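Engineer: Sharing a structure here in structure tokens format.
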Amino acid sequence: MIEINNLAFSYKKKKQLFNHLNMQLSEGRIHGLLGKNGAGKTTLLKLISGLLFPNDGNIKTLGYVPSKRKPSMLQDIYFLFEEFTLPDFSIQKFKEVYSGFYPNFNENQFAEYLSEFEIHDNEKLNSLSYGQKKKVLIAFGIATNTRLLIMDEPTNGLDIPSKSQFRKIMAGAVDENKCVIISTHQVRDLDNLIDSITILNQQDIILSEPIEKITEKLCFKVLSHNEIEDKILFSENNLRGNWAVAENYKNEDSKLDIEMLFNACFSNKKRIQELFNHNNIS
Amino acid sequence: MNEVFNLKRFGLLFKEQTSKNLKLFLMGTVLVFAVLFVFSLLSILSNYTNWQAFNNRIELYKIIIFPTSCLVSGIWFTHLSKSTQGSGNLMLPVSAFERILIAFIINIIVINLMNLLIVLSIEVIFFQKIYILRFAKYFFIDYRFYNLLFLLQSLFLIGSLVFKKVSILKTGVTIFILLIIFQLINVLSINIVFRDIPNLNYNDVFFNQNSNLVTPKYYDFLMRCISYIGFPLIWVASYFKLKEKQG
Amino acid sequence: MEFKEQQAIYLQIAEYVCEKILLENWKPDEKILSVRELAVELEVNPNTAMRAYEFLQNREIIYNKRGIGFFVASDANKKVSTFRKQQFLESELPVFLKNMQILNISIQEIERYYTKFLNNKKS
């Protein structure tokens, strides 16, 4: 669904943001795009959707070259920005004006999501708080039923009950034809929602794998005494005990901990990459 | 699907653009009309005859209409420039051609038809007997009026595509600087080329208004051509700029 | 539903379903929540919910009628017990035994507690 080959991009000539970046994202999944501040998550999303143009390499989004910005591609992408400005419309009017652009827009879904978020559609957009506006856009974005849904920090600004509502809505919104990309810092909000993880580092991607694959190769657990030391990729002592990410040589089923994985990727990048690349080939 | 022009998409974009900017458009229209109305009323009541002269009225129309229309166009086009708003806007499934066409229709055609309508109605209300046709003609035939206005409005379009933030102000300043440079060239050319002719105003050269000046016949034609080509060129350039605009 | 820290989510979801079956909230040959409904209820990815259902289907605790949905198997109760027992023996008992060893508790001591527990339950 999304293919990136050998991508190079920089805002300024001297400072290269991406170099030789390769990535593939498939449909039917909720992809979590993670990375440190300034790693270029938003930039990558903008490249995928055709808002920025690569300096080198190529991108294919839904079979299109995104920088051509063809309307038939754009009507199959919805991009929820972290920052946005909305026109001075009521929600009703917003729907009237914008839904027509998206051929698969579903009014019932939109109404259902709004009521899940406890927002009335006769309210004025500009009288809503940032979080509420965001919820309107989330509801609208999912209801467009575009094949690609991109969300940049969707849970930012949402209050605690809204985060749960968001997860419920998202869980019901994906199907095998849809591809959702969520970029986020707040991994705890989306822990069980994401089923494919992409970790972005300076210039390239450390890891981009479905969760089943990650838990097949890696094990997340409390360390016992008889653990083989060199299988451990990252460990951390906290109230829960001595937690570690280790190679899954015993084939254990464990629960992926995104934060631990993230830290493992940065403290032991080489091993992680070897582990996943090696097993891809064999 | 036609990726360049599709009537349904065009209609949707037209609706989107007009609903977003309806207030702005109405405010501009009301402002122009109100100022001209009040001024005309006062000049009639106080018997201020200067205002009755054709040439003076044209100047006043310019003074009111030019900045207002430029401002309306400028604000209208900001959705193409603001980085947060602009990115979202660029994701709308419409082609660059459709965007440019809408901008052209509304900002050049609709706004100026409205301007003409206001001018004519002021003429009908206050100066029934005089020169209605001449005003209409002046408005749309004389390139020093409409073409200059179109040119300025178009500059605001390209300004919004070039500048990411506060595009109106930056465009305004740029136009101002360009005018100064232009006038400097004028003054210089007067001092160098037409040194022998006395009492030459620098405007006279560009607009070819001085009878003392013997310019070749093609001069007027040349100036016309330049001003005719100017604003379509800006729109073509804007089209390509928009296609390549990054969010 | 609160998820535990260590066990894979799909297994926890499978356990949640087993719980429903044991408590007879979901009865034999009854249609159960669709994958999507379950995912929404538990706020998890539908693929994970699907994996849990596949897991249970492989153990014949639930079955799939094509185009209709998932149903509780008629002998699900028995199968859940077998599955639970196996799980207990595989994952919970080793921890238990290890603690016995660490704390120096003999099997006789445990037996005493167990008899007491059974008697308490009877009375």
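Every residue, every condition in (1) without any contact (Cβ under 8 Å) to a residue 12 or more places away in the chain; (2) within 19 Å of C:Glu41 (Cα to Cα); (3) assigned to a helix (DSSP H, G or I), yes or no:
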{"position": "A:Gly141", "(1), (2), (3)": "no, no, yes"}
{"position": "A:Asn156", "(1), (2), (3)": "no, no, no"}
{"position": "A:Ile169", "(1), (2), (3)": "no, yes, yes"}
{"position": "A:Ile199", "(1), (2), (3)": "no, no, no"}
{"position": "A:Glu209", "(1), (2), (3)": "no, no, no"}
{"position": "A:Asp230", "(1), (2), (3)": "yes, no, yes"}
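Engineer: What strands (runs of 3 or more DSSP E) lie completely within region A:7-63 and have 3 or more residues being under 19 Å from A:Phe81 (Cβ atoms) and within 15 Å of the chain's Cα centre (by Cα)?
Structural biologist: Per the criteria, A:29-35.
Engineer: Any residue at all in region C:81-104 that's assigned to a loop (DSSP other than H, G, I, E, B) and either modelled with pLDDT of 90 or more or surrounded by fewer than 14 Cβ atoms within 10 Å (Cβ to Cβ) (or both)?
Structural biologist: Yes - at least one qualifying residue is present in region C:81-104.
Engineer: Read through the list (1) within 14 Å of chain A (Cβ to nearest Cβ); (2) among the acidic types (Asp, Glu); (3) farther than 27 Å from A:Pro210 by Cα, then give the number of the only condition that C:Glu54 fails.
Structural biologist: Single failed check for C:Glu54: (3).
Engineer: Oh, and also: Return the total of residues in region B:11-59 being open to solvent by 40 Å² or more (accessible area, probe 1.4 Å) and of a type in the set (Phe, Trp, Tyr).
Structural biologist: Qualifying residue count for the region: 5.
Engineer: How many residues are more than 12 Å from chain B (Cβ to nearest Cβ) and more than 16 Å from A:Gln75 (Cβ to Cβ) when one looks only at region A:96-115?
Structural biologist: So the count comes out to 9.
Engineer: Now a separate question. Is it true that some residue in region A:221-238 is closer than 19 Å to C:Leu11 by Cβ and in the same structural domain as A:Phe276 (by TED's automatic domain parsing)?
Structural biologist: yes
Engineer: Identify, please: which residue in region A:26-42 is out of contact with any Leu (no Cβ under 6 Å at 6 or more places or on another chain) and open to solvent by 10 Å² or more (accessible area, probe 1.4 Å) and is, among those, farthest from the other protein chains (Cβ to nearest Cβ)?
Structural biologist: This residue is A:Lys36.
Engineer: Could I ask something else about it? When you scan region C:13-41, how many residues do you find that are within 8 Å of chain A (Cβ to nearest Cβ) and either open to solvent by less than 50 Å² (accessible area, probe 1.4 Å) or among the aromatic types (Phe, Trp, Tyr) (or both)?
Structural biologist: 2
Every residue, every condition in (1) farther than 28 Å from A:Asn126 by Cβ; (2) without any contact (Cβ under 8 Å) to a residue 24 or more places away in the chain; (3) more than 9 Å from chain B (Cβ to nearest Cβ), yes or no:
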| position | (1), (2), (3) |
| --- | --- |
| A:Leu44 | yes, no, yes |
| A:Asp56 | yes, no, yes |
| A:Val65 | yes, yes, yes |
| A:Pro71 | yes, yes, no |
| A:Tyr78 | no, no, no |
| A:Phe89 | no, no, no |
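Engineer: Go through region C:18-57 and give me each residue that's touching a Leu at 6+ places or on another chain (Cβ under 6 Å) and in contact (Cβ under 8 Å) with a residue 24 or more places away in the chain.
Structural biologist: Scanning region C:18-57 gives a single hit, C:Ala49.
Every residue, every condition in (1) touching a His at 6+ places or on another chain (Cβ under 7 Å); (2) hydroxyl-bearing (Ser, Thr, Tyr); (3) under 14 Å from A:Leu34 (Cα atoms); (4) open to solvent by less than 10 Å² (accessible area, probe 1.4 Å), yes or no:
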| position | (1), (2), (3), (4) |
| --- | --- |
| A:Ala143 | no, no, no, yes |
| A:Arg147 | no, no, no, no |
| A:Asp152 | no, no, yes, yes |
| A:Ile160 | no, no, no, no |
| A:Gln165 | no, no, no, no |
| A:Met170 | no, no, no, yes |
| A:Asn177 | no, no, no, no |
| A:Arg188 | no, no, yes, no |
| A:Thr198 | yes, yes, yes, yes |
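Engineer: I need a count of the residues in region C:42-80 that are β-branched (Val, Ile, Thr) and open to solvent by 90 Å² or more (accessible area, probe 1.4 Å).
Structural biologist: Number of matching residues: 1.
Engineer: List, please: which pairs have Cβ atoms under 9 Å, are six or more places apart or on different chains, and start with a residue in region B:162-183 that is assigned to a loop (DSSP other than H, G, I, E, B) and end with one that is of a type in the set (Gly, Ala, Ser) and buried (at least 16 other Cβ atoms within 10 Å of the Cβ)?
Structural biologist: These pairs meet every condition: B:Phe163/B:Ser81; B:Lys164/B:Ser81; B:Lys164/B:Gly86; B:Lys165/B:Ser81; B:Val166/B:Ser81.
Engineer: State whether one or more residues within region A:174-185 are assigned to a helix (DSSP H, G or I) and of a type in the set (Val, Ile, Thr).
Structural biologist: no
Engineer: Residue check: is C:Phe3 modelled with pLDDT under 90 and either of a type in the set (D, E, K, R) or within 27 Å of A:Lys178 (Cα to Cα) (or both)?
Structural biologist: yes
Engineer: Between a residue in region B:24-37 that is within 13 Å of B:Leu60 (Cβ to Cβ) and any residue that is part of a helix (DSSP H, G or I) and open to solvent by 70 Å² or more (accessible area, probe 1.4 Å), which pairs come within a Cβ distance under 9 Å, given they are 6 or more apart or on different chains?
Structural biologist: B:Phe37/B:Ile125
Engineer: Still on this structure, please answer the following. Select, from A:Glu118, A:Glu82, the only residue that is open to solvent by 10 Å² or more (accessible area, probe 1.4 Å) and away from chain B (no Cβ under 12 Å).
Structural biologist: Selected residue: A:Glu118, the only one of A:Glu118, A:Glu82 that is open to solvent by 10 Å² or more (accessible area, probe 1.4 Å) and away from chain B (no Cβ under 12 Å).
The values are calculated or read from the model by the stated rules, or taken from the named source; none is laboratory data. All values derive from a computational prediction rather than experimental measurement. With ideal geometry, Cβ positions are generated from the backbone for all residues, glycine too; neighbour counts draw on all protein chains shown. The area values use the complete protein model at the heavy-atom level, side chains included, leaving out ligands, DNA and RNA. Shrake-Rupley method; radii C 1.70, N 1.55, O 1.52, S 1.80 Å.
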